[in-house]
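A.B. asks: Would you mind keeping the following structure in view while I ask a few things?
The values are calculated or read from the model by the stated rules, or taken from the named source; none is laboratory data. Every value quoted in this text rests on a predicted model; they were computed, and no experiment measured them. Here the Cβ is made from the backbone with ideal geometry for all residues, glycine too, and neighbour counts use every protein chain on show. Surface accessibility is based on the protein's heavy atoms, side chains included, excluding ligands, DNA and RNA. Shrake-Rupley method; radii C 1.70, N 1.55, O 1.52, S 1.80 Å.
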Amino acid sequence: MDIKPIHYDLELNIDKNFMQYNGKINIELIVENSEKDSTIDLLSDNKVPSNRTNKIELNCSSQIKIQNCTCIIAYKPHDITFHHNTPQSNQKESKSTMKKKKNGNKKNKKKKKNKNSDDFVISEKVLPTLLSIESKTSFSKSFATPVLISINFEGTISHHIRGGMHGIYFDPQTKTLGTLFEPQFARYAFPCFDETHLKTTFQLKLSFVSSPKRIALSNTSSNTEVQKKENTIIEYVKIKDPIPLYCIAFTIGDYFNPLNFHYSGDLKNIKLYVLNSSYKKLQGTKPTIPNDINFNYETMERFCEDAIRFSIEFMEKYTKFPMTLVDQELQVVIVPQLPLGGMEHHGCIFILENVFLEDGIDEIMEMIAHEIVHYWFGNRIGLPFWLKEGLAQYFEKNISDAFFKRRASNLPKKKQDLKTESAFKQLLEQCGSVKGTSNTEKASRMFSNAMYNNSCEIIKMMVAKYGESKFKISIRMLCTLFFDKYCNERNFVNLFQTER
């Protein structure tokens, strides 16, 4: 059974203390009978969706409490049952762990378990699970059966910045709420088909308690409704471009807009947002400037304006595909907390505040360029994680060198210096695999420096092997054939091997 989500309609109501939320999600699907193998969930080693025609499995963390679930199949309501199903691979415990439990004293039994580890991104105490929805009859009634799943649920907002910044999180120090759904962490916020190759449209209705300066920012310019009686702000966001779920984002905080400039082309407006409390710090920032860079900007926001504009122009010229957004507006938000330096959310890029406070000017430029490159490689053209990051790493350096008008430092190796074919395949295997003994290890490997560097190394090797001219032609062909689609490793390599 082949399940294709085509649209999400999500409603979230956040409590005034930013501790919990309740929500409702409507998921529109197309279900077909298929003999194809199910895709592998990267973080749980489970096949999603199920091959049973009367069962649909969604990704849903055990942190999410399901209140109600209904289903309409071929425009007719159907009786269903639902339950959380923890994967067997995650339920296994080591013998040493079992012995500790048996031999543990009373003090240890009374001791509370910490639900948030200090490991990066994901806690082993909160494992991803599947939400199984079963019907007495098959979900697939015809060649392409429309299915609508509606789920009411409750969720908890993480306040543990170090170990719990996935899903929806809150920074108590700056009183700012944010999201991180990459690579597959949307399941920690709401039930969904949390697979990077699935691209859908999205609609969000976000409700939260208002304050004089608190605003919400999301993927597109929102329509705001204020309910004065309840002192509540409601934001409506529509995303008409088909994108993977990890590109969805929102943040709520004391933001203001110090920079707003127009851009020629299909993208008409670009806005920079920063917290009021952080603006003075950023204004006084003097980043390290290498000797080979001529930096003559009076303010950081003016540098950001030129950096953003230049990066977009570079990629539009290289790919021959313009940056197009539904409302013709790009938002760049400087956020106080993020486990990564930046995040390429569609139409709403997040960049960590500390990047501007602690990094050099060339590193700031590369971070801006990196996230903008992802509009093409990742957002609009779906790619495996390592491949989209390798392309972003490669192009960020090229854009930075061109911006500062310095000698290219990202030149491909000469053919005679190329590594052997076996070494190339070994490097490819390291990047394409996220195998690990635990979910923490898998997630950590995906975001490791080794993964990013190896991925970029593969791209540089491909440039050396096929030549810069053919590489550019193949990248343009990638945009032509796979825009708003997903391209796997095999199809990507075939683009370069095809004679033109």
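A.B. asks: For LYS286, state whether it is on the phi < 0 side of the Ramachandran plot and either at pLDDT 90 or above or in a helix (DSSP H, G or I) (or both).
C.D. replies: The answer is no for LYS286.
A.B. asks: Working only within region 367-387, note down all residues that are in a helix (DSSP H, G or I) and at pLDDT below 95.
C.D. replies: Selection gives PHE385, TRP386, LEU387.
A.B. asks: Right, next: Go through the residues of region 390-409 one by one and say whether even a single one is touching a Pro at 6+ places or on another chain (Cβ under 7 Å) and outside any loop (DSSP other than H, G, I, E, B).
C.D. replies: no
A.B. asks: Those residues that are surrounded by fewer than 11 Cβ atoms within 10 Å (Cβ to Cβ) and touching a residue at least 12 places away in the same chain (Cβ under 8 Å), I need them from region 293-307; list them, please.
C.D. replies: ASN294
A.B. asks: Output the number of residues of region 316-337 satisfying the condition of being aliphatic (A, V, I, L, M), under 18 Å from the mean Cα position of the chain (by Cα) and over 16 Å from ILE215 (Cβ atoms).
C.D. replies: 2
A.B. asks: Within region 478-490, which residues are open to solvent by less than 60 Å² (accessible area, probe 1.4 Å) and either in contact with a helix residue (DSSP H, G or I) (Cβ under 7 Å, 6 or more places away or on another chain) or of a type in the set (A, V, I, L, M) (or both)?
C.D. replies: Of everything in region 478-490, those that are open to solvent by less than 60 Å² (accessible area, probe 1.4 Å) and either in contact with a helix residue (DSSP H, G or I) (Cβ under 7 Å, 6 or more places away or on another chain) or of a type in the set (A, V, I, L, M) (or both) turn out to be LEU478, CYS479, CYS487.
A.B. asks: Report whether or not LEU272 is over 24 Å from the mean Cα position of the chain (by Cα) and in a strand (DSSP E or B).
C.D. replies: no
A.B. asks: Restricting to region 429-477, what's the tally of residues that are among the aliphatic types (A, V, I, L, M), open to solvent by 10 Å² or more (accessible area, probe 1.4 Å), assigned to a helix (DSSP H, G or I) and modelled with pLDDT under 75?
C.D. replies: Of the residues in that region, 1 qualify.
A.B. asks: A further question on this structure: Would it be correct to say that ILE351 is surrounded by 19 or more Cβ atoms within 10 Å (Cβ to Cβ) and part of a helix (DSSP H, G or I)?
C.D. replies: No: the conditions fail for ILE351.
A.B. asks: Taking region 478-500 on its own, how many of its residues are without any contact (Cβ under 8 Å) to a residue 40 or more places away in the chain and not in a helix (DSSP H, G or I)?
C.D. replies: Within region 478-500, residues that are without any contact (Cβ under 8 Å) to a residue 40 or more places away in the chain and not in a helix (DSSP H, G or I) number 3.
A.B. asks: Moving to a separate point now. Considering only region 216-261, state which residues are of a type in the set (Val, Ile, Thr) and at pLDDT 90 or above.
C.D. replies: Selection gives ILE243, ILE248, THR251, ILE252.
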